[in-house]
Structure formats: C-alpha cells, structure tokens
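This report concerns only the one structure given below.
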Amino acid sequence: HQGPWTITTPGVRLVARPGAVLDGGGRGSALQLSAEGIVVEGLRIQNTGPGDDFYEPDAAVWLWKCKACRLEGLEGTGLTSAVRLEQSPGAQVLRSRFTGNGRAPGITAFRSDDVHIVGNTLEGFLDNLYVEYGERLQVRDNRSSGAGRYGLHLMFTYRAELSGNHTHRNRVGSALMHGAENRVLHNIFADEVGPLRYGLLLQEEWKSKVKGNRFAGNTIGLLSLDSRETRLAHNRFEGNGTALLFARDSDQNTLWAEANTFAGNLYDLAVDDPKAQVHLRGN
C-alpha cells in the first residue's frame, strides 16, 4: 500500500492482514495519527523519509495529539525513526520490532504522560528510546541493542518505571537525567564496554529507586552524577570494570545501598566526589 497516510477520525482501528506493507514513499512519516483512540495492529512499514532532526524525525508512525492511541505488533527495518509521540497522553506502543539506520531516535515521546512502551525490540537507532517530559510512563520488557548512543534515555521524567528491560551493546549505555522519583526495577544492563560507557547513568536524578537489576560486563556498571537520595537495593554487579562510580559536576551524590551483590568486578566502588554521602549496609 502506497503512503504516506493520515488518519484524523477518532476510534479508527486499522488491522493489517498478514504480509501487508505500508510504503512511505521516502517522504516524511509514513503514517500520521491525529485523533483520540486510534488503533493500528500488525502492519509492516518501510521507506520513511530521510529527515533526521532529533526532535522532528521522519517516522514510521507519528502520533500528534493522539490520546489513548495504541500501536501493536508493528514491524519496520532500515527506518529513520520508528514511532514519534507528541502530546499523546495514554498512548501505547506494544510488542513491535524496529531497526534503524542510525540517524535518529527509534521511539520518541515528548510531553506525553501515562505512556506505555512494552515488549518491543529496538536496534540500530541513534537512541533506541528517547523520552523528554513525561509523567508516570511505563517502559517494560523491551530489548534494546546496537544504538549509536543510548539504549534507553529518559529526561525530565517524573515517576517513570523502567522494568524488565534488557539493554546491551549500545554505544554509550542507558541514562536517566534530571528526573524525580523514577523507578528502575529488574532490568539487565550488560556488555557496555569502551571509553565512557556504562550500564546506567543517573544524572541529577532525585529520589530514584534502583532495585533488583543486573549490571554485567560493563566498563562502569552504574554511574551516579550529582544524584540525590538514590535507593539502591538487591542489585547484582558482576564482571564490570567499576561496578559503582560516584562523580561530581556541580552538586553532590547521596545514596543508600543495601543488600546488593558485587562479584568479579575490577573495582566494586569508586568515589570521585568529596561531598558524596554514601551509606552501605548488608552488601
């Protein structure tokens, strides 16, 4: 089917037959959704436009003011960007598979609260997932690899949950920046090896909870940069260069670490912050 297409009618449900393909014609985003409650299922999308602006990339699907819309079981390879969400509260991206050409982010969400990004496979985008300004997001059970920069990258989020994700072999790692009360639960951050690479970066985060995760085979397992009141519990750090590193830019780190396991790391703990307040118990 030749695109690009636009849907502006609320409540439309577009279900693709097996093998159905939407070709974007190499112009802009292949499918734009701009009404409440639209559902797209099972569609394969190809040939998006080349526009790779970080905030306005040409995507397989662009959701604009698309409240409670749902994408499920989509596929696409060689995409500039996969899904672009803007001002679309309650949107869902579920059980889809996308690979990118390395020039723009894969799934992006801007100013969209209560978004669910669940069960997707993302590979080869600039950032496989990028979120900016969102509350109560759920990022669960996704697999992220081969990103040109970050596997998972969240900025200015409040009470977001990252759980059950597996991110490995990205160019930098994954990061939460400038957010508050976010939760990082039962994820795997692995095989981020090279200069300035880490499993997870917490930068100027406040009251983050990091629980039950596995940090394995990274240059740095967890890097805390000016993050306050972090709670770190029941995580496993194994085979990293430095398991847990505290660094200071302009503020200071405060962290409580309890019941974590450190095994086979070159260094378990390094503190490069003279004002850090680090409380360790039962590790």
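The values are calculated or read from the model by the stated rules, or taken from the named source; none is laboratory data. Everything numeric in this text was worked out from a predicted model, so none of it was measured. When we count neighbours, we look across all protein chains shown, and the Cβ atoms used for this are built from the backbone with ideal geometry, even at glycine. Areas reflect the complete protein model, heavy atoms only, side chains present, ligands, DNA and RNA absent. Shrake-Rupley method; radii C 1.70, N 1.55, O 1.52, S 1.80 Å.
Can you tell me which residue in the range 1-30 is nearest to Gly49 (Cα to Cα), limited to those that are in a loop (DSSP other than H, G, I, E, B), of a type in the set (Ser, Thr, Tyr) and open to solvent by 30 Å² or more (accessible area, probe 1.4 Å)?
So the residue we want is Thr8.
Mind listing whichever residues of the range 239-283 are open to solvent by 50 Å² or more (accessible area, probe 1.4 Å), of a type outside the set (Lys, Arg) and assigned to a strand (DSSP E or B)?
Hits for the range 239-283 are Trp256, Glu258, Thr261, Phe262, Tyr267, Asp268, Leu269, Val271, Asp272, Gln277, His279, Leu280.
For the range 173-198, which residues satisfy the criterion of being farther than 18 Å from Ala160 by Cα and touching a strand residue (DSSP E or B) at 6+ places or on another chain (Cβ under 7 Å)?
If the condition is that a residue be farther than 18 Å from Ala160 by Cα and touching a strand residue (DSSP E or B) at 6+ places or on another chain (Cβ under 7 Å), then Gly173, Ala190, Asp191, Glu192, Arg197, Tyr198 are the ones that fit.
Of all the residues that make up the range 90-109, how many are among the polar types (S, T, N, Q) and either modelled with pLDDT under 95 or open to solvent by 10 Å² or more (accessible area, probe 1.4 Å) (or both)?
3
On the given criteria, is Asn218 in a loop (DSSP other than H, G, I, E, B) and closer than 18 Å to Leu269 by Cα?
So Asn218 fits the description; yes.
Within the range 31-66, count every residue that is open to solvent by less than 30 Å² (accessible area, probe 1.4 Å), out of contact with any Lys or Arg (no Cβ under 9 Å at 6 or more places or on another chain) and under 21 Å from Pro10 (Cβ atoms).
4
Among residues belonging to the range 67-85 that are crowded, with 19+ Cβ neighbours inside 10 Å and hydroxyl-bearing (Ser, Thr, Tyr), point out the one that is farthest from the chain's Cα centre (by Cα).
Thr80
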